[in-house]
Structures are given as C-alpha cells and as structure tokens.
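The block underneath contains the structure these notes are about, expressed in structure tokens.
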Ligand SMILES: Nc1ncnc2c1ncn2[C@@H]1O[C@H](COP(=O)(O)OP(=O)(O)OP(=O)(O)O)[C@@H](O)[C@H]1O
Ligand SMILES: [Mg+2]
C-alpha cells in the first residue's frame, strides 16, 4: 500500500468533510423538507453516490420528511420494510451488499440517526467496489447528524415562529378589542353624561374617613356651581355651599348614615356663588369593605328645582280648577246647605211650640233638638267638604276608602244633579281595598268628570239624562272607577286630544278639567282614558293601584 493514494484519499475525505460542515449554515431558517432535500443532494453530488434516501423525524411527534435521490436502489423501501419486520427497529448501521440495481452491482448502507433511528435515517448506494469505505461511513454519519440537528433547529424555529405569529395575532386582536372597548366606553360615557345633563342628575363617590369626595361627574359640578378644574371639593368646602338653614340638618343626616351604615335620601338647597338657589335631592349608598367597614359612599345628586317649580305650578293650576269647579257648584252647594238650615229652623220652631205647651212635652222637644243636631251636622259636613276642596294644602297620601270619597262628591253634587234633572245610579263594589292617595285631589277628579257629564247631557232630553258611577276591582292590584253618561258622546277625532290642556269645545270652558284629572291620576300611579259608552254617551274610566290593604 503506497502512502500517496492514502494521502490523496484523506485529502478528498477532508475536503468532503469541510464541504459537509458548511452545509448546516445553509440550512438555517429553512423548512424541514428543504433540509432533507439539501442533504440528499449533497450526498449524491458531493460524495458521488448513485442513490441517497433521507428520512428526518420530528422529535415532537410531527410528521417525518422523506426524500430520495437517484434510482440505483429502487427496492430500498421494500428492503427497509422487510428489515424492520424482522428486526423491529434499526438500531445500528447496516451494510447491504449486492443490492439488485439492474445492470451494475451496487452496495448500500443504511445509517440510523439517533438511538434506534429516532431522528431518522440515511440510506445510500454506490457502485464503487469498496463502497462503503470507513471514510464513506464517517462522512455519511456526519452528514446525517448535521441534518438531524438542523432539522431539530428548524422545527424549533418553526415552533418559535408559529408561537411568535400566534402572539402577534393575539396582541393584534387584543389591541383591536381594547380599541373597540375604549370606543364603546367612550360612547356610553358620552350617553351617560348626556343622560345626566338631561335628567339634571350627577353621580358621586366619597370616602367619609378622609372627608373627601373622590369622584364627581361633570353634572355635579354644574349643579353645585363648583369649577371642574379644581376637582371635587373637600367636605367642609362643599358644606359651605349648602343653604345655612339646611346645613345642620344635612350634616346630621349624613353622619347618621355613616354611623349606622345605611342609605340616605335627603333634600336641601345649594346656594351658588352668584346667589342662585338650587333645590337638590341627594341619594347615597354605603359600600362595604371585606371587613364590613364602610369604605365609601356612592350616590346621585339631582337638581329638582325645575321639577319642584313645575309641581307647584301644577298644584296652583289644580287649585284654581277646584275653585272654578266649586264656583260652578255655588248655587247647588248653597242649596245643599240651605236645606239643613231650613230644617234646623223648622225643628227649632217645633221645639219652641212643644216647650210652650201646658204642660210642655220634653220628649217631643228632645226629638226636635236631635233633628236640629243632625241637620246642623249635615250642613257643617257640606261646608267642611267644600272648604277642604277650596283650601290650598299640600298633597297627602292617606289610605282611602274610594267609595267614601265618591259618596262625598256625590253629596256635594246632589243638588246640581237634581237641578239638571240628571238621574244618578251608583254601582260601588263592597270590600274594595284602601287606595293610597290624596282625598281632595281624587274628589276633584270625580267632580270634573261628573260636571263634564252633566254639561254634556245638558242639551239632551231631560228624560234621558242618566249618570252611572261605578267602582270595582281592577285585577289584583287596583280599583277601576267609571263615570258614564247618556249624552252625545265623543267625537272620534277628539279622543286623542281630550286630555290635552286647553282643549275645549265649550264657549266658556277652559279645557283644563281632563288635563288636571290625568295629571292627578298619573301622580297616583294610575291611568285614565275615555271610551264611547254603550248604547250612547261617553265613559271616562280611571284605575288606581293599591297594596291590598282592607278597610278596618
Ligand atoms: N262626558 C263628556 N261627553 C262629551 N264630551 C266630553 C265629555 N267630557 C269632556 N268632553 C269633551 O272634552 C273637552 C275637554 O274637557 P275638559 O274637562 O278638559 O275641559 P272643559 O270641560 O271644556 O273645560 P273646563 O276646564 O272648565 O273643565 C270638553 O270641552 C268636551 O268637548
Ligand atoms: Mg270640564
């Protein structure tokens, strides 16, 4: 053996080795199939092989990639299959002599990558007689290991790229969601601000322990006249803006609510720096910490100045409507009072006569005096009912027997009905629950409806002037009162406008009666409506809610 050919072989081997060692750099960032194909090409071209097969397995269980170059060993797949069916696995390199490649004699080698070919395998075939030399085997192993490493790296890089992509996608989605949510929040905040402005209601939060308001909505600054630039004021500063007459009371309410950890709802006045006075309604609710302590109070502040003013105007209007209505009834009421007074006089004269008899008859005198007392009471009752209707008094909420309310109104209008030749019928159901409400206001509704009916029928024949007043249960939670007449009825086109203020068809009418009825009924939580009465006339009905309380 000469040393010259050996040296030559070694030089070639080294060159091939160097060539192989540069290949992984070219594989960086490439996809696994490209790496397998690259390796197969290097084997066939650089090592001058007739056949190369590369299988690279994914250590994470992904699909393996396989590439074959050259056709010298086309039965290789069958060979591998039969080998594996006998041996179970490829745990060491196998040299296959005399593979049947047709014309030439060829020899092949199969090298596992990793333990039991976990990383894959490399197979090669060549018609060189000495193939595979030790150097061939060495070079093939190096190439196979390089490829396995590159393949693993590529898989890793791919996984990193994928998770990078997923992260980027998630971040983009998150950004979009945040943007959408922000826009949504800005929108609802704008709606809220607008709603607060329209309803003159602001929201606040405060921490009593440090005597500070921690949040004030824009509307609160507007209502209280503080400058938003300065932020919510401290308690003392805020207190100075409360009307001096309300200050002590409000401080007491607030301290009690804090001490007793309860809600509060109070009204007071705020005096703006310019002297303007606003009426405020404040509602607060304690927020508890994990230990049960009050950490803050949250609530609303409502400017009710306009509402109060409107309510006062409504009351003034209702009052003047009552006065006008009573004015219409003056003659009848006078008659209603005159009757008992006349009876008093008659009975007093009779008593005198019994007294002057010889001997006087004390029993007859006593009976006459009893009648005087009764008639006197009757007159007194009419007058006190009338006074109640005419008096200007704030609305009350009593538990009312609605039938009694109706009967009292009937008593006031009896003479009027009689005078106009109106026949009154009543159908008042027994045992109706008590209705919470204001007696005078509900009587005013009845008065207006009765007078409208009487006025409507004033043109009809006297014989057909009938009025039916009924009261009955309306479901489980209400009562329904109806006033029906046998007058000309309602024009269909006027139905929508009947309850409008100033709608009237009467020459001297104000058109306020029904509009006041509606505002009173609605303030009581009820509903009023008009329909045609069958067979003729108009029917006005209203409902009033109750809590099922029975008269005792
Ligand atoms: N029972 C009824 N039958 C027919 N039309 C009616 C009846 N009640 C009311 N109306 C119609 O509804 C209109 C409005 O009634 P409303 O009581 O509000 O005002 P008014 O009676 O005209 O005036 P006032 O302010 O003096 O009560 C009446 O002008 C009348 O045209
Ligand atoms: Mg009227």
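The values are calculated or read from the model by the stated rules, or taken from the named source; none is laboratory data. The model shown is predicted, which means the values in this text are computed figures rather than measured ones. So basically every Cβ, Gly included, is an ideal-geometry build from the backbone, and we count neighbours across all protein chains shown.
Scanning the stretch 413-441 for residues that are more than 16 Å from ligand 1 (Cβ to nearest atom) and assigned to a helix (DSSP H, G or I), we see that the one that is nearest to residue 547 (Cα to Cα) is 439.
For the stretch 451-463, check the following and say yes or no: at least one residue is over 21 Å from residue 318 (Cα atoms), surrounded by 14 or more Cβ atoms within 10 Å (Cβ to Cβ) and away from ligand 2 (no atom under 16 Å from the Cβ). Yes, some residue in the stretch 451-463 is over 21 Å from residue 318 (Cα atoms), surrounded by 14 or more Cβ atoms within 10 Å (Cβ to Cβ) and away from ligand 2 (no atom under 16 Å from the Cβ). Annotation for the stretch 182-193: no member residue is touching a strand residue (DSSP E or B) at 6+ places or on another chain (Cβ under 6 Å) and either over 16 Å from residue 301 (Cβ atoms) or surrounded by 11 or more Cβ atoms within 10 Å (Cβ to Cβ) (or both). Please specify each residue of the stretch 368-389 satisfying the condition of being within 26 Å of residue 315 (Cα to Cα), over 52 Å from the mean Cα position of the chain (by Cα) and surrounded by 14 or more Cβ atoms within 10 Å (Cβ to Cβ). Listed by number, the residues that qualify are 381, 382.
Hey, does the stretch 516-537 have a residue that's part of a strand (DSSP E or B), within 11 Å of ligand 1 (Cβ to nearest atom), surrounded by 22 or more Cβ atoms within 10 Å (Cβ to Cβ) and at pLDDT 95 or above? No: the stretch 516-537 contains no residue that is part of a strand (DSSP E or B), within 11 Å of ligand 1 (Cβ to nearest atom), surrounded by 22 or more Cβ atoms within 10 Å (Cβ to Cβ) and at pLDDT 95 or above. Take the conditions exposed (fewer than 13 other Cβ atoms within 10 Å of the Cβ) and within 11 Å of ligand 1 (Cβ to nearest atom) and apply them to residue 507. Does it pass? Taking the combined requirement at face value, the residue satisfies it. Here is the figure for the stretch 510-529: residues that are in contact with a helix residue (DSSP H, G or I) (Cβ under 8 Å, 6 or more places away or on another chain) and within 12 Å of ligand 2 (Cβ to nearest atom) total 6. State yes or no: is residue 49 surrounded by 12 or more Cβ atoms within 10 Å (Cβ to Cβ), assigned to a helix (DSSP H, G or I) and more than 60 Å from the chain's Cα centre (by Cα)? Criteria not met by residue 49.
Scanning the stretch 354-365 for residues that are part of a helix (DSSP H, G or I) and exposed (fewer than 14 other Cβ atoms within 10 Å of the Cβ) yields a total of 4.
All of 386, 446 fail the test of being outside any loop (DSSP other than H, G, I, E, B), within 16 Å of ligand 1 (Cβ to nearest atom) and farther than 16 Å from residue 486 by Cβ, apart from 446. If only residues of the stretch 478-499 that are closer than 20 Å to residue 443 by Cα and within 14 Å of ligand 2 (Cβ to nearest atom) are counted, the one that is nearest to the chain's Cα centre (by Cα) is 499.
Restricting the stretch 478-499 to residues that are within 8 Å of ligand 1 (Cβ to nearest atom) and touching a helix residue (DSSP H, G or I) at 6+ places or on another chain (Cβ under 7 Å), the residue that is nearest to residue 549 (Cα to Cα) is 483. Reported count of residues in the stretch 495-552, each being outside the structural domain of residue 438 (by TED's automatic domain parsing) and free of Cβ contacts under 8 Å to residues at least 12 places away in the same chain, is 1. If you go through the stretch 250-270 and keep only what is touching a helix residue (DSSP H, G or I) at 6+ places or on another chain (Cβ under 8 Å) and either part of a strand (DSSP E or B) or surrounded by fewer than 12 Cβ atoms within 10 Å (Cβ to Cβ) (or both), you end up with 264, 266, 268, 269, 270.
Remark: residue 337 falls outside the filter, which requires a residue to be without any contact (Cβ under 8 Å) to a residue 40 or more places away in the chain and not assigned by TED's automatic domain parsing to the domain that holds residue 204.
Any residue in the stretch 319-332 that is more than 51 Å from the chain's Cα centre (by Cα), loosely packed, with under 15 Cβ neighbours inside 10 Å and in contact (Cβ under 8 Å) with a residue 12 or more places away in the chain? Yes, that holds for at least one residue. I'd like to know if the stretch 457-477 contains one or more residues that are in a helix (DSSP H, G or I), within 16 Å of ligand 1 (Cβ to nearest atom), in contact with a helix residue (DSSP H, G or I) (Cβ under 9 Å, 6 or more places away or on another chain) and within 30 Å of residue 508 (Cα to Cα). Checked against the condition, which is being in a helix (DSSP H, G or I), within 16 Å of ligand 1 (Cβ to nearest atom), in contact with a helix residue (DSSP H, G or I) (Cβ under 9 Å, 6 or more places away or on another chain) and within 30 Å of residue 508 (Cα to Cα), the stretch 457-477 yields at least one hit.
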